[in-house]
Amino acid sequence: MSEEKKPKDITELPGVGPTTAQKLISSGYTSIEAIAVATPHELSQATGIPLPTAQKIIQAARDALDIRFKTALDLKKERLTVRKITTGSKNLDQLLGGGVETRTVTEFFGEFGSGKTQICHQLSVNVQLPEEQGGLNAKAVYIDTEGTFRWERIEQMARGVGLDPDQAMENIYWIRAINSHHQMAIVDQLFDMIKRENIRLVVVDSVTSHFRAEFPGRENLAMRQQLLNKHLHQLSRLSEIYNVAVVITNQVMARPDVFYGDPTQAVGGHVLYHAPGVRVQLKKSRGNKRIARIVDAPHLPEGETVFVITEWGIRDPE
Ligand code: GTP
Ligand code: MG
């Protein structure tokens, strides 16, 4: 299929007439991406479209997105387009293989106060820096599920790296996600927004809180995980299609016995367990010191490092 003939939105998908389009949109399937990652059953149930039609529409959406085999050389070329955003700490950058990567979902997980939100703020500022200073000369989207985003902190961190504070704040698009459904719908909309704006970082802080609150307990675990997986899949597609860095956070309770053992056993677990991406475990240490450790990333060296949270943001210890 040639570039110009590719459907740009769902109304242009083969097999989707106005009535079907209306059903899809009113059920929340507003983008080709959302349809491409749906299962036929799910789509059919949500929209009332017959199963065979749902299958055809999903296939059409996948074709439109070029979900197909790639050669190893394609993979190499994609890899060469990966860019990195500095965290503000050389130690942490080194641990991450140079910084937080585009085309990747990076999960920071750890106990309360371990620095997850601070890192998200810092990256939203740093992505704006010129490339020679570890940025991508670009803007950030900040999806805030807990209401912990603070523009005052952005102002401070911008000063800390020599950016104009007002300009830096203008380059961060903040949105409060009010529930898990809203959170997922926001990501759907991003597929359009990223095309129009120079966005290279998408933050979801935290990715799990709404899902945990809305689907509590063991009896809801399957449903929660299913929705969360879908959400993560969307984020992963977003990072690949637009070559942006996606950074998500996940609060897990501290279990000292687990930090040096198998961290996948941490209470709540890290959410990317079965998804591709980079997982970083954060832990509080003395004072403003924090310990970061990469969890099961075969392409990154084992080990852990120390960074600090200062008035100006994330830095290396003195
Ligand atoms: P939860 O969201 O509760 O799970 O925690 P978190 O991992 O997101 O923690 P967060 O990133 O909010 O880290 C909080 C810590 O950052 C605080 O305990 C402070 O040590 C530090 N911090 C936050 N704001 C400031 C600030 O303005 N100045 C300085 N110096 N430190 C700050
Ligand atoms: Mg936080």
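Okay, here's what the table says:
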read-out	value
Test result for Glu107, away from ligand 1 (no atom under 14 Å from the Cβ), of a type in the set (Asp, Glu) and in contact with a Lys or Arg (Cβ under 8 Å, 6 or more places away or on another chain)	no
Of all residues in the stretch 188-221 being in a helix (DSSP H, G or I) and buried (at least 22 other Cβ atoms within 10 Å of the Cβ), the one that is nearest to ligand 2 (Cβ to nearest atom)	His210
Hits in the stretch 107-135 - residues which are modelled with pLDDT under 95 and surrounded by fewer than 23 Cβ atoms within 10 Å (Cβ to Cβ)	Glu111, Phe112
Selection count, the stretch 127-147, where residues are within 15 Å of ligand 1 (Cβ to nearest atom) and under 17 Å from the mean Cα position of the chain (by Cα)	5
Test: residue in the stretch 96-103 that is within 16 Å of ligand 2 (Cβ to nearest atom) and at pLDDT 95 or above	no
Pair list, Cβ under 6 Å, 6 or more apart: the stretch 147-161 residue under 28 Å from Asn179 (Cα atoms), other residue among the β-branched types (Val, Ile, Thr) and near ligand 1 (Cβ under 8 Å from one of its atoms)	Thr148/Thr117
Residue within the stretch 26-33 that is under 19 Å from Leu232 (Cβ atoms) and in a helix (DSSP H, G or I) present	yes
Close pairs (6 angstrom Cβ cut-off, 6 or more residues apart or separate chains): touching a residue at least 12 places away in the same chain (Cβ under 8 Å) and part of a loop (DSSP other than H, G, I, E, B) in the stretch 298-318, of a type in the set (Val, Ile, Thr) and within 16 Å of ligand 2 (Cβ to nearest atom) anywhere	none
All positions within the stretch 5-24 that are at pLDDT 85 or above, of a type outside the set (D, E, K, R) and either outside any helix (DSSP H, G or I) or in contact with a helix residue (DSSP H, G or I) (Cβ under 7 Å, 6 or more places away or on another chain) (or both)	Ile10, Thr11, Leu13, Pro14, Gly15, Val16, Gly17, Ala21, Leu24
The stretch 37-58 - residue that is modelled with pLDDT of 85 or more and among the hydrophobic types (A, V, I, L, M, F, W, C) and, of those, farthest from Gln183 (Cα to Cα)	Leu51
Residues within the stretch 35-89 that are assigned to a loop (DSSP other than H, G, I, E, B) and acidic (Asp, Glu), tallied	1
Residues within the stretch 140-178 that are within 16 Å of Val203 (Cα to Cα) and part of a loop (DSSP other than H, G, I, E, B), tallied	9
Residue that is nearest to Gly313 (Cα to Cα) [pool: residues in the stretch 137-153 that are among the charged types (D, E, K, R) and surrounded by 15 or more Cβ atoms within 10 Å (Cβ to Cβ)]	Arg153
Looking only at the stretch 1-57, and only at residues there that are under 19 Å from Gln226 (Cβ atoms) and among the polar types (S, T, N, Q), the one that is nearest to the chain's Cα centre (by Cα)	Thr39
Exclusive hit being surrounded by fewer than 19 Cβ atoms within 10 Å (Cβ to Cβ) and charged (D, E, K, R), set Lys76, Lys84	Lys76
Checklist (1) on the phi < 0 side of the Ramachandran plot; (2) touching a His at 6+ places or on another chain (Cβ under 9 Å); (3) away from ligand 1 (no atom under 16 Å from the Cβ) applied to Gly97, failing item	(1)
Residue that is surrounded by the most Cβ atoms within 10 Å (Cβ to Cβ), among those in the stretch 290-314 that are more than 10 Å from ligand 1 (Cβ to nearest atom) and of a type in the set (D, E, K, R)	Arg293
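The values are calculated or read from the model by the stated rules, or taken from the named source; none is laboratory data. Given the structure is predicted, the values throughout are model-derived calculations rather than measurements. Every residue, glycine as well, gets a Cβ built from its backbone with ideal geometry; the counts of neighbours run over all protein chains shown.
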